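Working notes, beginning with the structure itself.
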């Protein structure tokens, strides 16, 4: 046996306007003529969300608009849980829409808070880096106390005897391959062959070559007049003149 629902009060006649489903559910802030209802306590017009409602939220919104537009105020509808007035139905539906609106408001607040945090991150990171450097400098980079600050202390790897021997052998072989020598080994390596040094006049000094040769000739004559006092058999000193006019005298060779 089917249940019948009794509706008391004045029921609109068939000629009365019925609810028309709008193509766009979201309404303007000023409200539309077909039910621009505001959610109680939210201060925002019904349906003013970032995106049009959908799913169950859309179903509740359309039901609310139908109750307000079709059912007259003061009418009572018999339901499975008992009689329900038109005002009670509006209140129930508005509470659902108000909860959805509160979520939208929280999303806007969360987005603004995230933007503020993102803008302050560079300064916070700089402050943390300074504090971290201060703590490490105070306790030491390898102090176990750093773990209490969320920092990882530097640990020195302890090698076994076999690992140390392998490391030293590898280092020696590497030095041999590279030809690396120590300070003493470098000092033992010296050149002992003959060295020939000669001075040639530059083209720019061609104009002053004659006075330079005269000066060097006088210096050679003076040096030959004075015998060198050496022990043993000595050979005459070899003299070479440079373009600047100075005389360079080599040490006499002794046999």
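The values are calculated or read from the model by the stated rules, or taken from the named source; none is laboratory data. Remember, predicted model here, so these are calculated numbers, not experimental data. All Cβ positions, even for glycine, are placed from backbone atoms using ideal geometry, and neighbour counts span all protein chains on display.
Taken over the range 118-140, the criterion of being loosely packed, with under 11 Cβ neighbours inside 10 Å and either in contact with a helix residue (DSSP H, G or I) (Cβ under 6 Å, 6 or more places away or on another chain) or closer than 30 Å to residue 51 by Cβ (or both) is satisfied by 118, 119, 120, 121.
Screening the candidates 21, 48, 34 for the property of being at pLDDT below 50, surrounded by fewer than 13 Cβ atoms within 10 Å (Cβ to Cβ) and part of a loop (DSSP other than H, G, I, E, B) yields one hit, 21. Residue count for the range 85-99 satisfying the condition of being over 15 Å from residue 65 (Cβ atoms) and surrounded by 15 or more Cβ atoms within 10 Å (Cβ to Cβ): 2.
If you go through the range 54-73 and keep only what is within 14 Å of residue 91 (Cβ to Cβ) and surrounded by fewer than 15 Cβ atoms within 10 Å (Cβ to Cβ), you end up with just 73. At least 3 residues being at pLDDT 80 or above, in contact with a helix residue (DSSP H, G or I) (Cβ under 7 Å, 6 or more places away or on another chain) and surrounded by fewer than 11 Cβ atoms within 10 Å (Cβ to Cβ) is the threshold, and among the helices (runs of 4 or more DSSP H) wholly inside the range 141-228 not one reaches it. Could you please let me know if residue 115 is part of a helix (DSSP H, G or I) and over 26 Å from residue 54 (Cα atoms)? It is true that residue 115 is part of a helix (DSSP H, G or I) and over 26 Å from residue 54 (Cα atoms).
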